[in-house]
Amino acid sequence: MKKFKQAAFLYVYGDSRRLLLVVSMFLIISPAFAQAPNISYITPQVYTANATISTLAPTNTGGAVPATTYGQVSTYAKGGFNTVTGVATDAAGNLYIDDWSNNLIKKETPAGVVSIFAGSSQGAANGKGTAASFFEPDGIVVDATGNVYVGDQGNNLIRKITPEGIVTTFAGSGAAAANNGTGKTASFNTPRGLVIDAAGNIYVADQANNMIRKITPAGVVTTVAGDITPGFADGKGASATFNAPTGLAIDAAGNLYVADARNNAIRKITPAGVVSTYARGFNFPREIKFDGTGNGYVTDENNNAIKRISPTGIVTTIAGSGQQGSADGIGASATLNGPIGLALDGKGSLYVGENTNNRVRKVTISGYTIDKALPEGLTFDAATGKITGIPRATSPSINYTITAYNGGGSSSAIVNIAVTAPAFAAVPSVINMPAPGNTPIGASNILITSATSNNRETPIVYASSNPGVAYVGTDGLIHVVAPGITNITASQDASAHYSAATPVTQTYTIQESQEINIAAIGTKSMCQGDFSVKATSSNPTLPLVYSSSNAAVATISASGVIHITGAGTTTILIKQPGNNSFMDADPQARILKVTSPASSSTALAVSIKSSARGSVYSGTPVTFTATPSFGGDNATYQWQVNGINAGSNNPVFSSSNFANGDMVTCTFTNHSLSCSAPATSNPVIVSVITPSNATPSPAVTALANNKDMGAGQ
């Protein structure tokens, strides 16, 4: 504030005729002329843990701080734009927008009404409103009387637009060159960012010429600093070099600041023309603006962020996550996409023109910020700067820097806060750690500890007596390594309100799982005799244990051999006990049904049936099917034709070599009923005719055969 007043008086002293112009320009276009805040806090503050503190509020003897959230990003204008570059505000709150690809200058009123202020299509025509034309307008600035100046990049011109919308060429011939001169005798090469000082001089970031140019109110163009050859050298005037300068700002002392895009730096030029490097840490910075107390704001295009340079040169990100996007939010929760243009409205807001999102975003730069997290339980209100809450743990004496921002600038104050323990006896910490029981090695090999304590102020710390079985990682989890036994001990240090806990130890037995696989037993006959159970386990080192629920039906040996003792049903149960390396296996059960052998009154029987339903021609296949009265999976079938063996071990017999009158029988033996005699089926006579014989009536043949053949036909 004081620096701007001094600058104004210097201009007045030099030329009294400029008094009105200088004062009006500061009032209209300089946010620094608004009064910056001046805050302080009562410090130091010593609080007691678990006691509610009195609200700690700032005292402000400067300009008011709006109750807003610093770093809040919102969408201010969208739709109808195609690559927004430069933005500027006037004293009435109107926003002027360079619609770069559409070659238009647009105006948005505070009420949100957007209109074309000047321009129509690509060209360099002067005229009023849409009668004029531009070619890729980029930089834009408004003077004290409302005239708008545009860096007409594609035309290599500096254009002037009056408040009535009349467009003229202020400087430049249109040729891509670096000539100094007056008005149209001068030349530029891709002019971009503009800034105006209190005397009405316009400074131009002449990007392709790698120069900073100055245009007086009379249109005289000179070179302030830089050389056509790109580089990154500090120095005075033409001995300094830049690489694609794109944006400009000026401070109260008349220092120029340059967004040196390809050098990823902010450069400073003193009124004497001495160039130095002011700040680094950017990726293609495009525009820079300063508030009244020396905070610089930069559109960091390729980082998709808005950054702040403090008066001491510290660079921080105030908006944007670094990822491309269009999400509104606070600070890093918001996303930007190619921020280029930048304007301060002097009321605590930044306006940002976006290259890719084709919109104007608004960033709030008023409110309060704090440089680090407060002790647990205390809350900082970013809208009011107040600190409230209940501190939950002791904390050493720490300095916290709180900064207040408004349209005029910023003010910082340091608050020292410490939290001490309450003046009463500490409560003993008591750890409860349930016994874990046997624990299998799972797929994740991680066990979550389950200890609890009445003291929530300090963490529970775990240790393992046998890290080769399980160890406690830095993540606080027990990591299983191998089967075995380890003792996990939980301990807890003292805190502000609790004494140290007595350590608690629990034994963890880590075991492999065991799984038994057993085949089905099914139905057996008393004639079966002894047979073995087909059972396996994933752990071959521990024995399987067998038992039978009904010894009157069957008994089973230690090796798994079943001995049938009678008819009925029994359950065969298989277990496998564990040890320190293996868990008990889940028991497996199978049902065994034992049938009685056939007696003389229930002798085996078998019947056969032919596929033919009468006489067949010679060579025709005939199939016979045997149906036993008591089958099983341990049986044989012996087929005979005229008493001669013809086929065996299959209940189905087929042949095409039958002669007329052949007799077919089948002998069935059930080997599971070894005490039962084999059974022979009914005979079936085959009736075969040849083509030379007279064909008998099928009905008569069938009746005759059914009369002579057995019941199984």
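The values are calculated or read from the model by the stated rules, or taken from the named source; none is laboratory data. Quick caveat, the model's predicted, so the values are computed rather than measured. For neighbour counting, all protein chains shown are included, and Cβ atoms are generated from backbone atoms with ideal geometry for every residue, glycine included. When the accessible area is computed, the model is the full protein with side chains, heavy atoms only, and any ligands, DNA or RNA have been set aside. Shrake-Rupley method; radii C 1.70, N 1.55, O 1.52, S 1.80 Å.
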task: Determine if segment 391-401 includes at least one residue that is open to solvent by less than 20 Å² (accessible area, probe 1.4 Å) and aromatic (Phe, Trp, Tyr).
output: yes
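Please tell me if Val113 is surrounded by 17 or more Cβ atoms within 10 Å (Cβ to Cβ) and of a type in the set (Val, Ile, Thr).
no
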field: Given (1) outside any loop (DSSP other than H, G, I, E, B); (2) out of contact with any strand residue (DSSP E or B) (no Cβ under 8 Å at 6 or more places or on another chain), index of the condition Ala252 fails
entry: (1)
query: What are the residues in segment 28-61 that are at pLDDT below 95, within 30 Å of Asp291 (Cα to Cα) and crowded, with 17+ Cβ neighbours inside 10 Å, if any?
result: Ile28, Ile29, Ser30, Pro31, Ala32, Phe33, Ala34, Ala36
- request: Could you tell me whether any residue of segment 577-594 is under 27 Å from Ala435 (Cβ atoms), modelled with pLDDT of 80 or more and surrounded by 14 or more Cβ atoms within 10 Å (Cβ to Cβ)?
  value: no
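Just for segment 163-178: of the residues that are in a loop (DSSP other than H, G, I, E, B) and within 52 Å of the chain's Cα centre (by Cα), which one is surrounded by the fewest Cβ atoms within 10 Å (Cβ to Cβ)?
Initially, segment 163-178 is screened for residues in a loop (DSSP other than H, G, I, E, B), giving 163-165, 172-175, 177-178.
After this cut, where a residue has to be within 52 Å of the chain's Cα centre (by Cα) as well, the list is 163-165, 172, 174-175, 177-178.
On the way: Pro163: 14, Glu164: 8, Gly165: 19, Gly172: 30, Gly174: 15, Ala175: 14, Ala177: 15, Ala178: 20.
Across segment 163-178, the extreme among qualifying residues is Glu164.
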query: open to solvent by less than 10 Å² (accessible area, probe 1.4 Å), free of Cβ contacts under 8 Å to residues at least 60 places away in the same chain and either within 20 Å of Ala208 (Cα to Cα) or touching a helix residue (DSSP H, G or I) at 6+ places or on another chain (Cβ under 7 Å) (or both): does that describe Ile158?
result: yes
statement: Quick count over segment 506-535, residues being modelled with pLDDT of 80 or more and of a type in the set (Ser, Thr, Tyr), is 4
task: Take segment 292-317 and flag every residue that is aliphatic (A, V, I, L, M) and modelled with pLDDT under 95.
output: Ile314
- prompt: Hey, any hits in segment 242-260 for a residue that's open to solvent by 50 Å² or more (accessible area, probe 1.4 Å) and among the aromatic types (Phe, Trp, Tyr)?
  reply: no
query: Within segment 179-198, which residues are open to solvent by less than 10 Å² (accessible area, probe 1.4 Å) and either of a type in the set (Gly, Ala, Ser) or under 15 Å from Gly247 (Cβ atoms) (or both)?
result: Ala186, Ser187, Pro191, Gly193, Leu194
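Suppose the filter is at pLDDT 95 or above and within 26 Å of Leu344 (Cβ to Cβ); does Lys268 pass it? It would help to see each step written out before you state the result.
Numbers: at pLDDT 95 or above: yes; within 26 Å of Leu344 (Cβ to Cβ): yes.
Answer is yes for this residue.
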- request: Kindly check whether there is at least one residue in segment 326-348 that is among the polar types (S, T, N, Q), assigned to a strand (DSSP E or B) and either open to solvent by less than 50 Å² (accessible area, probe 1.4 Å) or under 25 Å from Val142 (Cα atoms) (or both).
  value: no
- request: Would you please list the contacts, defined by Cβ atoms under 9 Å and residues six or more apart or on different chains, that run from a residue in segment 278-294 that is in contact (Cβ under 8 Å) with a residue 24 or more places away in the chain and assigned to a loop (DSSP other than H, G, I, E, B) to a residue that is open to solvent by 10 Å² or more (accessible area, probe 1.4 Å) and charged (D, E, K, R)?
  value: Gly281/Lys307; Phe282/Glu301; Phe282/Lys307; Gly292/Lys3; Gly294/Lys3; Gly294/Asp251
field: Candidates Val298, Val275, Val220 - the one that is surrounded by 24 or more Cβ atoms within 10 Å (Cβ to Cβ) and under 20 Å from Ala178 (Cα atoms)
entry: Val275
task: Filter segment 536-559 down to residues that are at pLDDT below 85, open to solvent by less than 60 Å² (accessible area, probe 1.4 Å) and either under 17 Å from Ala519 (Cβ atoms) or assigned to a strand (DSSP E or B) (or both), then give me how many there are.
output: 1
